[in-house]
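Colleague: Sharing a structure, written as structure tokens. Questions coming.
Where a number appears in this text, it was derived from the coordinates with a stated rule and is not lab data. Here the structure is a predicted model, which means the values were calculated and not measured. As a convention, Cβ positions derive from the backbone with ideal geometry for all residues, glycine included, and neighbour counts pool all protein chains shown.
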Amino acid sequence: MNESPFFNRHPHYLRPDPSRVIVRAFRPAIEPRDYNPIDASRANHIVERVMALNGAEAESVLASVLDNFADPQRNLLEIFEQRAEEMEEVFANHATFSPTQRSLIGAYFLHEYSFEAAALFNPSIVPHPDQSAVEPGSLRFILSLRAVGEGHISSLTFRRGTISAEGDISIEPPVRLACLPRICRRVGDNVNLAFASDSNLSQRVIFPVTEAQANGIEDARFVAFKDHGRTIYYATYTAYSGRAIRSELIETRDFASFRLVPLKGAAAVNKGMALFPRKIDGRYAMIARYDNEGLHLIYSDDLLEWSLGTPLLRPEYPWEFVQIGNCGSPIELDEGWLLFTHGVGPIRRYSIGAVLLDKHDPSRVIGRASVPLVQPEKSQREGYVPNVVYSCGAMKFGSRIVLPYAISDTFSTIATVRIDKLLEIIQAIP
């Protein structure tokens, strides 16, 4: 990255931490994949072996598990009980489990998973819905990040931070032991999730829950959407099954309860969709890339069905000759819609650029940066995926843009950009 006077990179480095774990379901299956059918025979063999332990042996094994894994921040016995209940439909007829047997059986169908062991990247940022007790002129925000663990499985995690009136940024350290939400309702691939109200934001991890998401919930682009005086937080993301991708949508008002639904239509079969923060002429609007090369403007009447739209941007400069995409939702300025982009150049080098769209007709590009704003630094070029800088969403704060971005698909950092200087760089198009 070549820094310039208008670009201030802050000394925050959000790195993957293998010690951060969730306790998630273990599914004995014929093939070692989470979403293959459970091998009922193997599951019942485990139950039979537990039932064959005498009372003292069972107590000793359970005590050893609790001693090794217990922590005041999570109730393992409650988790064991819930997992045993979930598995009940797989078990053959059996004698009534004792409380110890039931806890132990639940433990055998769980495992710890280090969800961010490999990478913590592709962040987006929105204002926090709760601004209570924030210093005047400051803003509390939420960062969403893509976490990658064993098997390249991606999940969604969060951080909370504050930016002061002077532009100083602080980010709260995460809680080590994370938690998964409760599935409140599920109809096909439409899923409602809820975390415990007393959980810390950084503990909350949205892990794949459907077969379409089996290998990852990737690159969530959050936006604070304004509609009739209300703020709803939406995020488009890529669901990856291990074989196919599709775009899906998250909806939340408080970052404790979430609704996940698939998007439909010809434009939703690819990745990288980004929602405008309000309706345009009474319709939802999105920036999308469905041809694997350029960006398009698409509209929807119901938020879920997205047809093909109007070509908006094609690769033009050498640093984006392979393809371009968006780096999150457009940001509304007095001068127009500011859209951060990513361009892919030689040796698949990813850089971040910017364009300005007409405020009343966003199909009109009125300004475009001919050079990247952020590029991979030589000193930080290597990582999980080398030669990449990437963001999933920035935020306006006063006269600045707050831009979190990832480096080499490994860790994330954050910068602030002066809007006036940025607009000078975005060249006007006649």
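Colleague: Can you pull out the GluC sites (Glu not before Pro) in region 134-227 that DSSP calls coil and that have at most 10 other Cβ atoms within 10 Å?
Modeller: Within region 134-227, the qualifying GluC sites (Glu not before Pro) (loop, at most 10 other Cβ atoms within 10 Å) are GLU166.
Colleague: Specify the angular offset, from 0 to 90 degrees and rounded to the nearest 10, of the alpha carbon long axis of helix 55-69 from the longest principal axis of the alpha carbons in the chain.
Modeller: The answer is roughly 20 degrees.
Colleague: About the Cα centre, and with charges only on the beta carbon of Lys, Arg (+1) and Asp, Glu (-1), how big is the dipole of the chain? Nearest 20 debye, please.
Modeller: My answer is approximately 720 debye.
Colleague: Now for a different question. What number, in nm² with one decimal, is the all-direction average of the projected area of the convex hull of the alpha-carbon atoms of the chain?
Modeller: 22.1
Colleague: While we're here: How far apart, in nm, are two points set 7 Å out from the Cα along the Cα-to-Cβ line at ARG176 and at ARG348?
Modeller: 3.6
Colleague: Contour minus end-to-end for SER399 and SER241, with contour as 0.36 nm per residue of separation and end-to-end as the Cα-Cα distance? Intermediate results must be reported in sequence, preceding the final value.
Modeller: Details: separation 158, 0.36 × 158 = 56.88 nm, distance 4.11 nm.
Length difference between fully extended and current span is 52.8 nm.
Colleague: At 7 Å along Cα-to-Cβ for each site, give me the label-to-label distance between ARG9 and ARG253 in nm.
Modeller: Calculated label separation equals 4.1 nm.
Colleague: Given the -39500 (n - 2.57) contribution per DSSP H run of 4+ residues, what per-residue ellipticity at 222 nm results for the chain, rounded to the nearest 500 deg cm²/dmol?
Modeller: Counting only the DSSP helices, I get -4000 deg cm²/dmol.
Colleague: When Lys and Arg each count +1 and Asp and Glu each count -1, what net charge do the other residues less than 13 Å away from MET395, Cβ to Cβ, add up to?
Modeller: Once positives and negatives cancel, what remains is +3.
Colleague: Continuing with the same structure: What is the diffusion coefficient of region 22-113 in µm²/s, taking the Kirkwood radius over Cα pairs and the Stokes-Einstein relation at 10 °C with a viscosity of 1.306 mPa s?
Modeller: Result for D is 117 µm²/s.
Colleague: Measuring from a point 7 Å past the Cα of VAL134 along Cα-to-C-beta, which residues in region 168-192 have an amide N at less than 16 Å?
Modeller: Under 16 Å, as judged by backbone N against the label point of VAL134, lie 168-172 of region 168-192.
Colleague: Let me ask you something else. Show me the ranking of peptides 312-321, 395-404 by mean Cβ neighbours inside 10 Å, starting with the highest. Before the final figure, lay out the partial values.
Modeller: Numbers: 312-321: 17.2, 395-404: 20.5.
Peptide ranking by packing, descending: 395-404, 312-321.
Colleague: Which ³J(HN,Hα) values, rounded to whole Hz and listed in residue order, are derived for region 248-256 from phi using the Karplus coefficients 6.51, -1.76 and 1.60 in 6.51 cos²θ - 1.76 cosθ + 1.60 with θ = phi - 60°, glycine and proline given as x?
Modeller: Listing the rounded values in order: 10, 10, 9, 10, 8, 10, 9, 6, 10 Hz.
Colleague: Oh, and also: Report, in degrees rounded to the nearest 10, the 0 to 90 angle that the Cα long axis of helix 76-87 makes with the longest principal axis of the chain.
Modeller: 80
Colleague: Follow-up question, since we're still on this one. Note down the nm distance, to one decimal, between modelled labels 7 Å out along Cα→Cβ at THR231 and at ASN75.
Modeller: It is 3.2 nm.
Colleague: Around ARG221, under 14 Å between beta carbons, what's the net of Lys plus Arg minus Asp minus Glu among the other residues?
Modeller: -1
Colleague: So, in Å, what gap is there between the alpha-carbon centers of region 262-301 and region 98-161?
Modeller: With region 262-301 and region 98-161 each reduced to a Cα centre, they are spaced 27 Å.
Colleague: Between TYR317 and SER98, what length in nm is gained on full extension when 0.36 nm per residue of separation is reduced by their alpha carbon distance?
Modeller: Result for the pair: 72.0 nm of gain on full extension.
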